[in-house]
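Visitor: Next up is a structure, given as structure tokens.
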Amino acid sequence: MTKTWRAFAAAALISLGFLFRFWNLAAQILGDDEIHTVRAALRRPVSEILVTYQLVDYCIPLTALFRLCLDAGLRLSEMAFRLPALLAGALLLLVVPGWTARRIGWGPAMVLTGLLAISPGLVFYSRIARPYALVVLLGFGAVAAFDAWWRRPSWRWGITYASLAALAAWFHLGAATMVVSPFLFAGTASLVRRDRRRFFAVTGLAAATALGFLAFLVPARESLQKVVLEKSGRAAVSPAAVLDVLQLLAGSGRPAVALLAWAAAAAGFVRLLRLDRNLALLTASVVCGHLAGLLILAPTGLGAALIFHRYLLVALPWVLLWMAVALGHPWPMGRRAQPAAAVLFLALLLGTGPLLSARLLHSSFAQHNDYLRFYASPPALQRQQIPRFYRRLAWSPEAGPVVEYPWIPVWRANRSFYLYQETHGQEVVVAPVRPLLADRRLAFRNVAPGTPEGFLASRARYLVIHRHLGMEEERLAKAGSHPQPQVLVNFGDLLLNAGRSMIGRLRRTWGPPDYSDRWIVVWDLKRVRRK
């Protein structure tokens, strides 16, 4: 392959990765864990954010950054909260293949670019206002810097590693076990070689890294101690969850294809072991050390496949590197067939993954847990269970966005909204019951204040009030990602009272609705605005 074709192929794969990360992002509802950061940024000063860990965790540096923006008078939109993750996800597509091309060769780098571009986990968490995409980038940079330091020890690479490792752990404590795992390789190699000078150098780098960790841990030690005691050692991982996680990491909803991907990773590791023994052992220590650390610490929620997958995401680029070596490094035989095999492998992963799903591409809830669990079938409603109003809208270009009320930002409590959207095909705006997300310091596009004035000021064409959203949710199968049956018990009365009181209020203010059935009451906001 000539340099021109190589550059063209790389640009095409990177563009594909950008497309998946940016697709329909402006229409996405901010919800569930994303709200932790929003809530903390609105309620806490920077001085408190920087020294406070919580059970309901938020990313300390990101939250402090957002609070500084709010204090400076900036109104933050959904895209503003997602921008750090989005930039990190985009940079990963450039940084990782660039390093791979210099370290191993352009063949594995090209295949790795494709794998990074279509990896569902890396795509999804580049679109979510959480720190995982940033942690993946920082964690990869830390290990790459450690590799450079190991090959040619220098202050520059040592400081780079220690700084990136500490930053990765500051952005998410779950990354700590991954970024310190290179010492398993370095310490063992130094002892096996009986290289005292190298062993003392490794010890010095470990001490410098520990100082970097202490710089952000010590100021928050009181809250951190409480969180660690509360969250550690409380999770057990079942065999079923392990199989689900393997599919999530492989990026395929088909077990046979996921098995093929892991077989490619194993073959690639063996091949890397022959090509570059030190790099192979370093990457193995990173992946296996991180996994072992998580299983030993057993943080709360690790038994849920989605949560376990999020913790493992920081090590995923190294697993993808093994796959890329298997498919991209020149084969001793069949070199002409190798590009076709790599393309077929990428197409197979993409075709059996979630990214080309029609229901996902048009959804305003693409970050919903039910979509992230692409290895399992999401809940469904029969046609007769869907209110006739939604069926009337069905992809009409003249309809416009729909604002849904009442809404609470807990995915397990509002699954009906994305199912209805799959029928009507219009963009969705949500109106929360509680006023926090209607704060004037926010400039959310897809959230409207839950008041008559807020409905009219929204970009929606129709307002849909649900009489008893809890009953609508009870028709669906229980959420399998991280089931919490108490959700509807806790919020059922709130949703019922909010819906009933708003219907009465709007009838008195706006007059009769434009549509009504046993589930929903609808006003045409275009008509109300004219009136």
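Visitor: I need a count of the residues in the stretch 135-157 that are part of a helix (DSSP H, G or I) and more than 18 Å from THR283 (Cα to Cα).
Guide: 2
Visitor: How many of the residues in the stretch 345-378 are modelled with pLDDT under 95, hydrophobic (A, V, I, L, M, F, W, C) and more than 19 Å from the chain's Cα centre (by Cα)?
Guide: Summing the residues that are modelled with pLDDT under 95, hydrophobic (A, V, I, L, M, F, W, C) and more than 19 Å from the chain's Cα centre (by Cα) in the stretch 345-378 gives 1.
Visitor: Can you go through GLY114, GLY98, GLY107 and tell me which one is part of a helix (DSSP H, G or I), over 18 Å from PHE171 (Cα atoms), free of Cβ contacts under 8 Å to residues at least 24 places away in the same chain and not hydrophobic (A, V, I, L, M, F, W, C)?
Guide: GLY98
Visitor: Going by what's in this entry, would ALA208 be described as open to solvent by 30 Å² or more (accessible area, probe 1.4 Å), touching a helix residue (DSSP H, G or I) at 6+ places or on another chain (Cβ under 6 Å), part of a helix (DSSP H, G or I) and touching a residue at least 24 places away in the same chain (Cβ under 8 Å)?
Guide: yes
Visitor: Separate question: Applying the selection to the stretch 165-175, what residues are in a helix (DSSP H, G or I) and either among the charged types (D, E, K, R) or under 17 Å from LEU316 (Cβ atoms) (or both)?
Guide: ALA168, PHE171, GLY174, ALA175
Visitor: Which of the strands (runs of 3 or more DSSP E) contained wholly in the stretch 418-531 include at least 2 residues that are among the aromatic types (Phe, Trp, Tyr) and either surrounded by 13 or more Cβ atoms within 10 Å (Cβ to Cβ) or in contact with an Asp or Glu (Cβ under 7 Å, 6 or more places away or on another chain) (or both)?
Guide: Filter on the stretch 418-531 gives an empty set.
Visitor: Please count how many residues of the stretch 41-79 are without any contact (Cβ under 8 Å) to a residue 60 or more places away in the chain, over 23 Å from ARG445 (Cα atoms) and not in a loop (DSSP other than H, G, I, E, B).
Guide: 4
Visitor: Go through the stretch 223-239 residue by residue and tally those that are free of Cβ contacts under 8 Å to residues at least 24 places away in the same chain and either aliphatic (A, V, I, L, M) or within 28 Å of ILE60 (Cβ to Cβ) (or both).
Guide: The total comes to 3.
Visitor: While we're on this one: Among residues belonging to the stretch 184-198 that are touching a Ser or Thr at 6+ places or on another chain (Cβ under 7 Å) and at pLDDT 90 or above, point out the one that is farthest from THR283 (Cα to Cα).
Guide: Among those that are touching a Ser or Thr at 6+ places or on another chain (Cβ under 7 Å) and at pLDDT 90 or above, it is LEU184.
Visitor: Among the aromatic types (Phe, Trp, Tyr) and surrounded by fewer than 16 Cβ atoms within 10 Å (Cβ to Cβ) - does that describe any residue in the stretch 394-405?
Guide: Looking for residues that are among the aromatic types (Phe, Trp, Tyr) and surrounded by fewer than 16 Cβ atoms within 10 Å (Cβ to Cβ), one finds at least one in the stretch 394-405, hence yes.
Visitor: In addition: Would you mention how many residues in the stretch 290-310 are closer than 21 Å to TRP262 by Cα, open to solvent by less than 30 Å² (accessible area, probe 1.4 Å) and not small (Gly, Ala, Ser)?
Guide: So the answer is 6.
Visitor: While we're looking at this one, here's another question. Between a residue in the stretch 1-29 that is farther than 18 Å from VAL95 by Cα and any residue that is part of a helix (DSSP H, G or I) and open to solvent by 60 Å² or more (accessible area, probe 1.4 Å), which pairs come within a Cβ distance under 8 Å, given they are 6 or more apart or on different chains?
Guide: MET1/PRO339; LEU25/MET79; ALA26/MET79
Visitor: Evaluate the following for PHE8: is it open to solvent by 20 Å² or more (accessible area, probe 1.4 Å), under 30 Å from ALA341 (Cα atoms) and more than 23 Å from the chain's Cα centre (by Cα)?
Guide: So PHE8 fits the description; yes.
Visitor: Testing ALA347 on (1) within 18 Å of VAL245 (Cα to Cα); (2) among the aliphatic types (A, V, I, L, M); (3) open to solvent by 50 Å² or more (accessible area, probe 1.4 Å), one condition comes back false. Which one is that?
Guide: (1)
The values are calculated or read from the model by the stated rules, or taken from the named source; none is laboratory data. Everything quoted here is computed from the prediction, not taken from an experiment. So basically every Cβ, Gly included, is an ideal-geometry build from the backbone, and we count neighbours across all protein chains shown. Ligands, DNA and RNA are excluded from the accessible area calculation, which covers all protein heavy atoms including side chains. Shrake-Rupley method; radii C 1.70, N 1.55, O 1.52, S 1.80 Å.
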